[in-house]
Each structure stands twice: as structure tokens, then as C-alpha cells.
1. Provide Rg over Rh for the stretch 85-133; use the alpha carbon set for both Rg and the Kirkwood Rh (inverse mean inverse pair distance).
2. In the stretch 138-195, how does Rg compare with the Kirkwood Rh, expressed as the Rg/Rh ratio over alpha carbon atoms?
3. Could you give P(r) for the stretch 14-96, binned at 10 Å from zero, as whole percent values over all Cα-Cα pairs?
4. Provide Rg over Rh for the chain; use the alpha carbon set for both Rg and the Kirkwood Rh (inverse mean inverse pair distance).
5. If the cut-off is 26 Å between C-alpha atoms, which lysines fall inside it for residue 65, apart from same-chain ones fewer than 8 positions away?
6. For residue 66, what charge total do you get from the other residues with a beta carbon under 13 Å from its beta carbon, if Lys and Arg give +1 and Asp and Glu give -1?
7. Sum -39500 (n - 2.57) across every DSSP H segment of at least 4 residues in the chain, then divide by the residue count to get the 222 nm mean residue ellipticity, nearest 500.
8. If packing is taken as the average count of other Cβ atoms within 10 Å, what order do 26-39, 152-165 fall into, highest mean first?
Amino acid sequence: MMVFASLLLVSAPQAVDCRYDREHLIAMDQRSFDQDLTGGWRALAAKGCDREAADLVRDWRVAHKAEDGILYWHEGQLRADAGDYAAAAPLFEKSRKPGTNGYDRAWNLYVDGSIAFVRGDRAGLEAVRAKLAAVPRPADFQEEARGPDGKPILLPDGTPWRVQWPLNLDVLDGLLGCWGKPYAEAYGCRAPSAS
């Protein structure tokens with residue numbers, strides 16, 4: 001009997017502490033709040049607190065009267081990670097870019113593919129993936145990712161982060177490759193490289 005009780009204690013999942021300093025995070029500037037990979041809302045999401053992080057992004061956006069599409073996108077991703085696909089789709093929709101250049105077209109197709117995934121529309125995702133693959137590479141596209149300061153973004157090992165055109169095609173391939181799995185899992189799937 002004592003051994004059984006010990007096993008129950010060992011195998012019981014630990015509750016995640018999703019508390020955070022709301023006032024501090026809401027007071028942050030957008031770059032610190034949204035783009036710091038170890039701070040802002042991302043630190044909360046990294047602990048598995050997707051719903052709380054989504055609410056925080058929403059609250060930050062409302063408090064700052066911010067209409068930046070990337071904030072809608074990140075809130076949508078967090079809602080999708082938490083399994084709330086009905087809330088994620090309209091947030092993804094609000095992240096669309098208004099331009100017609102190759103970058104904006106590629107982004108909007110990525111949005112379309114993500115919406116198709118959360119709506120369970122595999123045929124739609126396949127069609128969008130084909131359209132994204134056909135978007136011509138812009139003349140100014142650089143494979144070495146650069147930050148807003150123009151400097152290369154480095155990976156933890158110090159090598160430059162390299163990206164391939166079309167942007168996010170690998171994400172859509174991963175969503176297709178892990179079809180039927182939750183968004184939180186499928187988003188992390190990547191199809192094997194063709195090279």
C-alpha cells in the first residue's frame with residue numbers, strides 16, 4: 001500500500017506556476033514585450049501557460065491601442081497552442097499584410113495555410129502550400145536573417161541564422177506532415193529537407 005501511494009506522488013503532474021507581474025509586462029515597449037525570446041510574453045508561454053500568455057498579449061495590445069498584425073498573430077498562435085482554434089482563426093486573419101509585394105503575399109499565404117489547419121481543411125492547406133511555393137523570390141531577399149539593426153541574427157552556437165525562400169513554407173509542410181496532431185505539436189514539425 002505504501003509503495004502504491006509513493007508511485008502516485010511521483011507520477012502526479014506538477015502544476016505549472018502561471019503567475020506573472022502583469023503591471024511590469026504591460027508597461028514594456030513592444031519590442032521588449034513581443035520580440036525578446038526569453039522575456040515578455042514568451043517567458044510565460046515557455047512555461048506552458050499558453051492561455052495566460054494569449055490573454056497577456058491581448059491585454060498589452062488593448063492597453064497600448066496597438067493594431068500591429070504581429071501581435072494578433074502571436075495571440076492567435078498562443079490560442080491555437082492552447083487548442084482554442086475558434087479564437088485563433090480570426091486573430092490570424094487580423095495579421096494580414098496589406099501590400100502586394102512578394103514578402104506580403106508570402107505572409108498572407110502562410111496566414112491562409114495556418115487558418116486552413118486550425119479549421120481542419122487539409123485540401124485548403126495543400127492548395128495554399130502550392131501557391132506559397134510558387135511565389136517568386138524577391139530580388140532583395142537575403143538568406144542570412146538580419147535584425148532591425150541590420151546585423152545578422154546569430155544562433156546559440158554563433159552561426160548566422162539562415163532562412164530559405166519562400167518564408168514559412170517549411171511550417172506549412174510541417175503542418176501537413178503532422179496532420180491530425182494538435183497545432184502546438186504540428187507547428188514544430190518540419191518536413192525533411194529536399195537537399
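Throughout, read-outs are computed from the coordinates displayed, never taken from laboratory work. The shown structure was predicted, so the numbers you read here are calculated from the model rather than taken from an experiment. Don't worry about glycine lacking a Cβ; one is built from the backbone with ideal geometry, like all the others, and counts go over all protein chains shown.
1. Working: Rg = 10.6 Å, Rh = 10.8 Å.
Expressed as Rg/Rh, it is 0.98.
2. Details: Rg = 13.9 Å, Rh = 13.1 Å.
On the Cα set of the stretch 138-195, Rg over Rh gives 1.06.
3. Per 10 Å bin, starting at zero, the Cα-Cα P(r) for the stretch 14-96 comes out as 20, 55, 24, 1 percent.
4. On the way: Rg = 19.1 Å, Rh = 18.6 Å.
Ratio of gyration radius to Kirkwood radius: 1.02.
5. 94, 97
6. On the way: positive: 31, 58, 61, 65, 94; negative: 29, 34, 59, 67, 68, 75.
Neighbour charge sum, excluding residue 66 itself: -1.
7. On the way: 10 runs with 101 residues, N = 195.
Dividing the helical sum by the residues of the chain leaves -15500 deg cm²/dmol.
8. Working: 26-39: 13.6, 152-165: 11.4.
The peptides rank, most packed first, as 26-39, 152-165.
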